[in-house]
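Just below is one structure, and these are the notes that go with it.
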Amino acid sequence: GAGVSQSPSNKVTEKGKDVELRCDPISGHTALYWYRQRLGQGLEFLIYFQGNSAPDKSGLPSDRFSAERTGESVSTLTIQRTQQEDSAVYLCASSIGLAGGEQFFGPGTRLTVL
Amino acid sequence: AQSVTQLGSHVSVSEGALVLLRCNYSSSVPPYLFWYVQYPNQGLQLLLKYTSAATLVKGINGFEAEFKKSETSFHLTKPSAHMSDAAEYFCAVRGRPGANNLFFGTGTRLTVIP
């Protein structure tokens, strides 16, 4: 079946612009995660959705970052007033939501802020 | 708080030699631990995981890892390196109990020398 998909694959924007990144999880996966991977660094947790529970936003680096998820489907990560330090690969993952369950990662969106 | 430390951002081994990638964790609760691999131009893929069952965990492609509570370690090993093992490897620990977001190490890039 289809894996996690993300769009766009690449995004170049100017400093100060807003961007929206999209994630389509695997069908039936109740949990969805956003991570950020800066060049040469590990993955940094951003936000986590589990079913209809309130999302865990504890990893969002600033109030310029927000995310939404419609039910158990698509999620959108929005970055307002982008800064150069926001340049990174943004990865989305989904899982069945059980403790220790495997997270399946999408290919990522490479964001470059000029 | 949960975190992992990967010692050595770059490791080089000869083809056929032992692969040892180090990971130490910090967790205030019994940890769930994971190793993910990222092949060039591909997404992250789960290699193996420890979720409080057997301490020696076997994964895909001949890799295994041993959970050692006394040493707070979860090192990844493979008896004989293959050229196809060249990739970046990430150790991760689950967040707080009841949550499934992961905290990743900074990664170890494995080079296999023919």
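The values are calculated or read from the model by the stated rules, or taken from the named source; none is laboratory data. Because the structure is a prediction, the values reported are computed rather than measured. As a convention, Cβ positions derive from the backbone with ideal geometry for all residues, glycine included, and neighbour counts pool all protein chains shown. These accessible areas exclude ligands, DNA and RNA; they are computed on the full protein's heavy atoms, side chains included. Shrake-Rupley method; radii C 1.70, N 1.55, O 1.52, S 1.80 Å.
Taken as a whole, region A:98-113 holds at least one residue that is within 14 Å of chain B (Cβ to nearest Cβ), surrounded by fewer than 12 Cβ atoms within 10 Å (Cβ to Cβ) and farther than 26 Å from residue B:40 by Cα. Across region A:5-53, the qualifying residues are those that are among the charged types (D, E, K, R) and within 12 Å of another protein chain (Cβ to nearest Cβ), and the one among them that is surrounded by the most Cβ atoms within 10 Å (Cβ to Cβ) is A:36.
Residue B:103 - would you say it is among the aromatic types (Phe, Trp, Tyr) and closer than 29 Å to residue A:49 by Cα? Yes. Filtering B:93, B:112 for residues that are surrounded by 15 or more Cβ atoms within 10 Å (Cβ to Cβ) and over 13 Å from the mean Cα position of the chain (by Cα) leaves a single hit, B:112.
Let's see how each residue does on (1) outside any loop (DSSP other than H, G, I, E, B); (2) farther than 18 Å from residue B:93 by Cβ; (3) open to solvent by 70 Å² or more (accessible area, probe 1.4 Å):
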site	(1), (2), (3)
B:23	yes, no, no
B:40	no, yes, yes
B:49	yes, no, yes
B:53	no, no, yes
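Flag not set for residue B:36, criterion: in a strand (DSSP E or B), of a type in the set (Phe, Trp, Tyr) and more than 10 Å from every other protein chain (Cβ to nearest Cβ). Scan region A:87-97 and tell me whether some residue there is surrounded by 13 or more Cβ atoms within 10 Å (Cβ to Cβ), more than 13 Å from every other protein chain (Cβ to nearest Cβ) and either in a strand (DSSP E or B) or not acidic (Asp, Glu) (or both). Scanning region A:87-97 turns up at least one residue that is surrounded by 13 or more Cβ atoms within 10 Å (Cβ to Cβ), more than 13 Å from every other protein chain (Cβ to nearest Cβ) and either in a strand (DSSP E or B) or not acidic (Asp, Glu) (or both). All conditions but one from (1) facing chain B (nearest Cβ under 10 Å); (2) open to solvent by 50 Å² or more (accessible area, probe 1.4 Å); (3) at positive phi apply to residue A:81; the one that does not is (1). Name the single residue that is nearest to the other protein chains (Cβ to nearest Cβ) among those in region B:57-114 being under 22 Å from residue B:27 (Cβ atoms) and hydroxyl-bearing (Ser, Thr, Tyr). Among residues in region B:57-114 that are under 22 Å from residue B:27 (Cβ atoms) and hydroxyl-bearing (Ser, Thr, Tyr), the one nearest to the other protein chains (Cβ to nearest Cβ) is B:106.
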